[in-house]
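Asker: Can you read through this structure? Questions will come right after.
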Amino acid sequence: MHELAVTQSVLEIALRHAAPAGAVRITDVYLVIGQLSSIVDDSVQFYWDAISENTAAQGARLHFRRVPAELRCWDCNHRYSPNGEDLACPACGGLRVQVVAGDEFRVEAIDIEPVAAPAGEPP
């Protein structure tokens, strides 16, 4: 259910940045989601379709880019991608790890349809 709040935030961010750029409409929103994030793409899309209705983002396509998890062992400084649910360092077996990548969730970019310039004026 937290996808609703997350999706509302994405919509608010997209609208807030589109307005000063002179957007008539938002056509695409690009999201970066880490592998360790609990965000479900289909749920975000479902809520997006509902809450973006009657806004400049209605009909905008969502693009999801997943970032693989990467950990760093505090004991030996080895960086690695976890193997399944086992987070132990493959180099030394250490369990003291730091997430380096894979827990992010952000709006990376938006594409807009700008207001058309009057005839004879440069855009």
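The values are calculated or read from the model by the stated rules, or taken from the named source; none is laboratory data. Keep in mind it's a predicted model, so treat the numbers as computed, not measured. Note that we place each Cβ from the backbone using ideal geometry, even for glycine, and neighbour counts take in every protein chain shown.
Asker: (1) over 30 Å from residue 18 (Cβ atoms); (2) surrounded by fewer than 14 Cβ atoms within 10 Å (Cβ to Cβ); (3) in contact (Cβ under 8 Å) with a residue 60 or more places away in the chain: which one isn't true of residue 96, the others all being true?
Answerer: All conditions are met except number (3).
Asker: Which one is surrounded by the most Cβ atoms within 10 Å (Cβ to Cβ), of the residues in region 32-51 that are hydrophobic (A, V, I, L, M, F, W, C) and within 16 Å of residue 103 (Cβ to Cβ)?
Answerer: For region 32-51, the residue satisfying everything is 33.
Asker: Oh, and also: Take region 1-21 and flag every residue that is touching a residue at least 40 places away in the same chain (Cβ under 8 Å) and surrounded by fewer than 13 Cβ atoms within 10 Å (Cβ to Cβ).
Answerer: 21
Asker: Would you say residue 94 is on the phi > 0 side of the Ramachandran plot, at pLDDT 95 or above and small (Gly, Ala, Ser)?
Answerer: no
Asker: Restricting to region 60-75, and then to whatever is surrounded by 12 or more Cβ atoms within 10 Å (Cβ to Cβ) and out of contact with any strand residue (DSSP E or B) (no Cβ under 6 Å at 6 or more places or on another chain), can you tell me which residue is farthest from residue 112 (Cα to Cα)?
Answerer: 75
Asker: Could you say whether any residue in region 25-43 is touching a residue at least 40 places away in the same chain (Cβ under 8 Å), in contact with a Lys or Arg (Cβ under 9 Å, 6 or more places away or on another chain) and assigned to a helix (DSSP H, G or I)?
Answerer: No, region 25-43 has no match at all.
Asker: What number goes with the only condition from (1) surrounded by 15 or more Cβ atoms within 10 Å (Cβ to Cβ); (2) at pLDDT below 95; (3) within 24 Å of residue 58 (Cβ to Cβ) that residue 114 does not pass?
Answerer: Single failed check for residue 114: (1).
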